[in-house]
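Bear in mind that the values in this text are calculations on the coordinates, not laboratory data. Worth saying up front: this structure is predicted, and the values here are computed from it rather than measured. Cβ placement follows ideal geometry from the backbone for every residue including glycine, while neighbour counts extend to all protein chains displayed.
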Amino acid sequence: MPVQATMSSDAADLIEIFSSIQGEGVLIGHRQVFIRFMGCNLSCDYCDTNSGNDASKCRIELTPGRLDFEELANPVPMTAVFNLLHRWGRGWPSIHHSISLTGGEPLLHVDHLHRWLPELREILPIHLETNGVLHFALSRVIKDIDHVSMDIKLPSSSGETGLWEDHREFLETAAATDVSVKIVVNSSTEHWEIQRAAEIIAGVSSDIPFIIQPETAENLSLNISSFGLLELQEIASALVDDVRVIPQTHRFIGLL
Ligand code: SF4
């Protein structure tokens, strides 16, 4: 079941804060601070975001990338987040490329983001990872975001239907900054879905990077054949200039 986000006060419900290497999309390979917000407005079939999480607590890494977590009660005050980031900035200057806001769906917390982002952005550039649906929320904070990585949810892989127009409006809003689009595909993905996603992207700008991400099984095998991936890339490339196939690399190198 989707979890509702806390929308008042200067403390937000978070899952965790940690340092790792970005394993998806156009910023792949960059070291980032990940702030994972609690709750989502969708229920994708492949989602494992809330498995094993205690919603009453947030875990916070003390040393960047070393998995030495301490737990804080939710909601986590803004001051605790900023104290951590400033301490990391003093102790480990220059290791991080940017802050990744992820989830769940971070835009459910738009009231918090609206207050926090100007100061967060003074620490590091802001990278938003989003399911690409909440376009009204995005319009409130887009001026303080450096890069948006948005999903287009395909009915075949996510189980979510009827989101095409929301995705279109979201991408039109996100195009005010640097934006890329990601879709998760598997052996059930149908060609018309890739065609429709590519049409939405090309309708905004054919320069927008389009990332095709194969779904990865527990044993790290991909849930789609290599020929299947080639076919999907060929379909998308007829409409979009920059189409890349990128698996989730952080899982292959054993990172969060
Ligand atoms: S959008 Fe992301 S967090 Fe939300 S249900 Fe889908 S996979 Fe999970």
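Label separation (D54 vs R66): 2.3 nm, computed from points 7 Å beyond Cα along the C-beta direction. 3J(HN,Hα) along the range 128-137, derived from phi through the Karplus expression 6.51 cos²θ - 1.76 cosθ + 1.60 where θ = phi - 60°, amounts to 9, 9, 9, 7, x, 10, 8, 6, 5, 5 Hz, with x in place of Gly and Pro.
For the chain, what proportion of DSSP beta bridges, expressed in % and rounded to the nearest 5, is antiparallel? Mind showing how you got there, number by number?
Working: 15 of 42 bridges.
Bridges in the chain that DSSP calls antiparallel: roughly 35 percent.
Database remark: amide H of L14 closer than 5 angstrom to the amide H of M38, V76 (H placed geometrically; neighbours at sequence offset of 5 or more, or on other chains; Pro and chain starts carry no H).
For the chain, what is the calculated [θ] at 222 nm in deg cm²/dmol (nearest 500), taking -39500 (n - 2.57) for each run of four or more DSSP H residues and dividing by its residue count? Helices in the chain give a 222 nm mean residue ellipticity of -9000 deg cm²/dmol.
Starting from 0.36 nm per residue, how many nanometres of slack lie between A175 and V204 once their C-alpha separation is accounted for? Mind showing how you got there, number by number?
Working: separation 29, 0.36 × 29 = 10.44 nm, distance 0.77 nm.
Result for the pair: 9.7 nm of gain on full extension.
Scattering from the C-alpha atoms of the range 76-167 alone, worked out with Debye: what is log10 I(q)/I(0) at q = 0.10, 0.13, 0.24 1/Å? Normalising to I(0) and taking log10 leaves -0.31, -0.50, -1.25.
Per residue, the average separation of C-alpha pairs within less than 8 Å and at least 6 apart gives the chain a relative contact order of 17 percent. Phi angles across the range 117-126 convert, under the Karplus curve 6.51 cos²θ - 1.76 cosθ + 1.60 with θ = phi - 60°, into 3J(HN,Hα) values of 4, x, 6, 4, 5, 6, 7, 8, x, 10 Hz, Gly and Pro given as x. Each of T79, T189 was scored by other Cβ atoms within 10 Å of its Cβ. Listed from fewest to most, they are T79, T189. From a point 7 Å beyond the Cα of S226 in the direction of its Cβ, which residues of the range 237-256 have a backbone N at a distance under 17 Å? Answer for the range 237-256: 245-248. Please report the spacing between the Cα centers of the range 157-220 and the range 110-126 in Å, no decimals. Comparing the Cα centres of the range 157-220 and the range 110-126, I get a distance of 26 Å. Placing a label point 7 Å from the Cα of D146 along the Cα-to-Cβ direction, the residues of the range 100-120 with a backbone N closer than 16 Å are 100-102, 117-120.
Dipole magnitude for the chain: about 720 debye, using +1 per Lys or Arg Cβ and -1 per Asp or Glu Cβ, origin at the Cα centre. The ranking of E16, E129 by Cβ neighbour count inside 10 Å, starting from the fewest, reads E16, E129.
For the chain, C40, C58 have no disulfide-compatible partner, since no other Cys C-beta lies under 4.7 Å from theirs. Taking the fewest neighbouring Cβ atoms within 10 Å as the starting point, the ordered list for K143, K182, K57, K153 is K143, K57, K182, K153.
FRET efficiency for the Y46 to T79 pair, using the beta carbon distance and R₀ = 35 Å, is estimated at 0.50.
Our analysis of the chain gives Rg over Rh at 0.95, with the two radii drawn from alpha carbon positions and Rh computed by the Kirkwood formula.
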